[in-house]
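The values are calculated or read from the model by the stated rules, or taken from the named source; none is laboratory data. In this text, all values refer to a predicted model and were calculated from it rather than measured experimentally. Note that each Cβ is placed from the backbone with ideal geometry, even for glycine, and that neighbours are counted across all protein chains shown.
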Amino acid sequence: MFVVDTSVVVNGRITELIRNGEVTGTVVVPNAVIAEIEHQANRGNEIGFAGFSVLRELREFEKEGKIKLELKGKRPTHLEIERAKIGEIDAIIRKLAQDEGATLITGDRVQHEVAVIEGINTMYLKAREVPKEVPFERFFTPDTMSVHLKENTIPLAKTGKPGNVLVKKIGNMKMTTAEMRDMAKDIVEVSKRNIEYYFEIDKRGAMVIQMGQYRVVIAKPPFSDGFEITIVRPITKLSFEDYSMSEKMKERLRKRAVGVIVCGPPGSGKSTFATALAEYYYSQGAVVKTLESPRDLQVIDEITQYAPLEGSFEKTCEILLLVRPDYSIFDEMRKSDDFSVYADMRLAGIGLVGVVHANAPIDAIQRFIARVELGMIPQLIDTIIFIEDGAIGKALELTFVVRVPTGMFEEDLSRPVIEVRDFETGALEYEIYKFGEETVVFPVKERKAEERGNAGRSEEKLKRVISKLATHPFEVEVRGRKAVVYLDPTDVPLIIGRKGKRIAQIEKETGTRIDIKEI
């Protein structure tokens, strides 16, 4: 007689043992197992439906005469089901196996160890690599980046590479709800039985599984309006040397860059570049770790990939500081807590490469504003690399100065300013500073172009007005909304006028503040 626990039902291992003739006679399924599977199905978890499929298969085996199937034992209370994670359900299953004098079949190591201590015969099934083909591989070709499946629609695939992506239909048959559910069940069963696969997220209506190189996202009501499965895989792996970049950038990444942000739109190749950078740092003798959720960077085995510890990257950071890596790759930074963890690790002296979604390089800095102190940003970020169509696009660097911001003229307006410059040319592109309670991200390049146009128009207007009054040659120099007019000493009173009324009228007419100086 055999008693099965939940682990070998949801992963389907019990059916494999029966087919192979390793388990015969009476197979007892505890009512506690059925209750737990039912609870998971009611929550919308695919594990529950996978369990139902295995239980139906056990009933078919009984009809074929391969086993005798019995349902026994007490049904757990709601409280015991809720406390399943601390062993309440397992205890009920062990008690039934002991009372029946049966062999307990389990894939749970803790369950096995406790059963041995209690003197219960057990058959422990260790997780192992499963050679079974994953159920969605038939949709993939060598150049397929992702496959998108949804009930009552024709499957779609994205093919090509970043910068040259084509979306096309796979066949002409719509996926039925039954086909979608069967595929989700197969994915869950294979993942439960493979030590290389990870359940990254398992929520009501949503599940994310990392199956080797494949990232699988399963969504269904109430989270989504229909049953949907999305499978993404990287099709390109590049080394650091494969990227076209200047010697200046190579030197920066080799020696000076310790606070790097890699940014770009979705699907641009950010993670591919981060992977190449991680393996390059490792090849230079550095200890490299990654922080990922889900863990889908295709790095070499020597680089350890960390997930959120107990759902928190803050706790992962505590462990990471004890491990003391030289560099860490923080993939897919999105939440405010992610940026706080990045700041803590950077200030602790760890070299960091953060990966951020952004449509422009400056947008990556915007993600930090309001999440960390403005004055800390240049200490956290020294280099921003924008990835576009799989290649390195624009790069920015940050410096911290105290001066009068562009467009202001009074010396008492000096303040701390973060200068954002083009890495290759050194041209100033943005200034970031506090103005009152507001944080200003000022596009210097656009402003200077606008000022040049305005200056030309203002200079012409001033020359026309003053030429009507001055009796000697004069010069006009426009600086933004301020102008200096150089006059012959005899013309100064004519331009200023009685009690400064004429110069005030000229300023009002031209919209320019005027300083008068003698030639």
Quiz item: All but one of (1) surrounded by fewer than 16 Cβ atoms within 10 Å (Cβ to Cβ); (2) under 27 Å from the mean Cα position of the chain (by Cα); (3) at pLDDT 90 or above hold for Val116; which doesn't?
Solution: (2)
Quiz prompt | segment 21-42, residues that are out of contact with any helix residue (DSSP H, G or I) (no Cβ under 8 Å at 6 or more places or on another chain) and over 15 Å from Ile105 (Cα atoms) | solution = Asn31
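Of these, Glu477, Glu459, which one is at pLDDT below 80, within 15 Å of Ile514 (Cβ to Cβ) and touching an Asp or Glu at 6+ places or on another chain (Cβ under 9 Å)? Before you say what the answer is, go through the steps one by one.
Numbers: Glu477 fails: at pLDDT below 80.
From the options Glu477, Glu459, the qualifying one is Glu459.
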Quiz item: Quick one: is Ile384 more than 16 Å from the chain's Cα centre (by Cα), assigned to a strand (DSSP E or B), under 17 Å from Arg254 (Cα atoms) and modelled with pLDDT of 90 or more?
Solution: yes
Quiz item: Checking Gly264 against (1) over 24 Å from Leu321 (Cβ atoms); (2) free of Cβ contacts under 8 Å to residues at least 24 places away in the same chain, which single condition isn't satisfied?
Solution: (2)
Quiz prompt | Criterion: part of a helix (DSSP H, G or I) and of a type outside the set (S, T, N, Q) - qualifying residue of Leu96, Leu104 | solution = Leu96
Quiz item: Only one of (1) in contact with a helix residue (DSSP H, G or I) (Cβ under 7 Å, 6 or more places away or on another chain); (2) at pLDDT below 90 is not met by Cys263, so which one is it?
Solution: (2)
Quiz item: Does Leu428 satisfy the criteria of being surrounded by fewer than 20 Cβ atoms within 10 Å (Cβ to Cβ), of a type in the set (A, V, I, L, M, F, W, C) and at pLDDT below 90?
Solution: no
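Specify which of the listed residues (Lys74, Lys63) is out of contact with any helix residue (DSSP H, G or I) (no Cβ under 6 Å at 6 or more places or on another chain) and modelled with pLDDT of 90 or more. Please lay out each step first, then the result.
On the way: Lys74 fails: modelled with pLDDT of 90 or more.
Just a single option satisfies the conditions, and that option is Lys63.
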Exercise. Would you point out which residue out of Gly48, Gly44 is within 23 Å of Ile201 (Cα to Cα), not in a helix (DSSP H, G or I) and not aromatic (Phe, Trp, Tyr)?
Key: Gly44
Practice problem: Output the number of the condition that Ile187 fails; it satisfies all remaining conditions of (1) closer than 25 Å to Ala307 by Cβ; (2) more than 30 Å from the chain's Cα centre (by Cα). | Solution: (2)
Practice problem: Could you run through segment 294-329 and say how many residues are surrounded by 14 or more Cβ atoms within 10 Å (Cβ to Cβ), part of a loop (DSSP other than H, G, I, E, B) and either in contact with a Lys or Arg (Cβ under 8 Å, 6 or more places away or on another chain) or of a type in the set (Asp, Glu) (or both)? | Solution: 8
Quiz item: Only one of these conditions is not met by Val478: (1) more than 60 Å from the chain's Cα centre (by Cα); (2) surrounded by 14 or more Cβ atoms within 10 Å (Cβ to Cβ). Which number is it?
Solution: (1)
Quiz item: With (1) buried (at least 19 other Cβ atoms within 10 Å of the Cβ); (2) in contact with a Ser or Thr (Cβ under 7 Å, 6 or more places away or on another chain) as the list, and Pro234 as the residue in question, which single condition is left unmet?
Solution: (1)
Quiz item: In segment 202-237, which residues are of a type in the set (Val, Ile, Thr) and at pLDDT below 85?
Solution: Ile235, Thr236
Quiz prompt | Identity of the residue in segment 35-68, farther than 23 Å from Phe227 by Cα and either touching a His at 6+ places or on another chain (Cβ under 9 Å) or of a type in the set (Lys, Arg) (or both), that ends up surrounded by the fewest Cβ atoms within 10 Å (Cβ to Cβ) | solution = Lys63
Practice problem: Give me a count of the residues in segment 271-293 that are within 18 Å of Gln210 (Cβ to Cβ) and assigned to a helix (DSSP H, G or I). | Solution: 5
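Sort out which residues of segment 10-30 are in contact with a Leu (Cβ under 6 Å, 6 or more places away or on another chain) and either at pLDDT below 90 or assigned to a helix (DSSP H, G or I) (or both), and write them in order of number. Don't jump to the end; show me each part of the working.
Within segment 10-30, the subset in contact with a Leu (Cβ under 6 Å, 6 or more places away or on another chain) is 13, 23, 27, 29-30.
Arg13, Val23, listed by residue number.
For the subset of segment 149-180 comprising residues that are more than 29 Å from the chain's Cα centre (by Cα) and exposed (fewer than 14 other Cβ atoms within 10 Å of the Cβ), which member is farthest from Ala391 (Cα to Cα)? Walk me through it before giving the result.
Here is the first cut: in segment 149-180, the residues more than 29 Å from the chain's Cα centre (by Cα) are 152, 171-179.
From what is left, the residues that are exposed (fewer than 14 other Cβ atoms within 10 Å of the Cβ) are 152, 171-174, 176-178.
Details: Asn152: 37, Gly171: 32, Asn172: 35, Met173: 37, Lys174: 36, Thr176: 39, Thr177: 40, Ala178: 41 Å.
Selected residue: Ala178.
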Quiz item: Quick one: is Leu17 closer than 30 Å to Pro221 by Cβ and aliphatic (A, V, I, L, M)?
Solution: no
Practice problem: Go through (1) under 20 Å from Gly354 (Cβ atoms); (2) surrounded by 15 or more Cβ atoms within 10 Å (Cβ to Cβ) one by one and return the number of the condition Ala286 breaks. | Solution: (2)
Quiz item: What is the number of the single condition among (1) at pLDDT below 90; (2) under 29 Å from Thr383 (Cα atoms); (3) exposed (fewer than 14 other Cβ atoms within 10 Å of the Cβ) that Glu196 does not meet?
Solution: (2)
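From the set of residues in segment 234-251 that are among the charged types (D, E, K, R) and either assigned to a loop (DSSP other than H, G, I, E, B) or closer than 23 Å to Gly267 by Cβ (or both), which is farthest from the chain's Cα centre (by Cα)? It would help to see each step written out before you state the result.
Initial filter on segment 234-251 (among the charged types (D, E, K, R)): 237, 241-242, 247-248, 250-251.
Pick out the ones that are also either assigned to a loop (DSSP other than H, G, I, E, B) or closer than 23 Å to Gly267 by Cβ (or both) and you get 237, 242.
Working: Lys237: 19, Asp242: 24 Å.
Among those that are among the charged types (D, E, K, R) and either assigned to a loop (DSSP other than H, G, I, E, B) or closer than 23 Å to Gly267 by Cβ (or both), it is Asp242.
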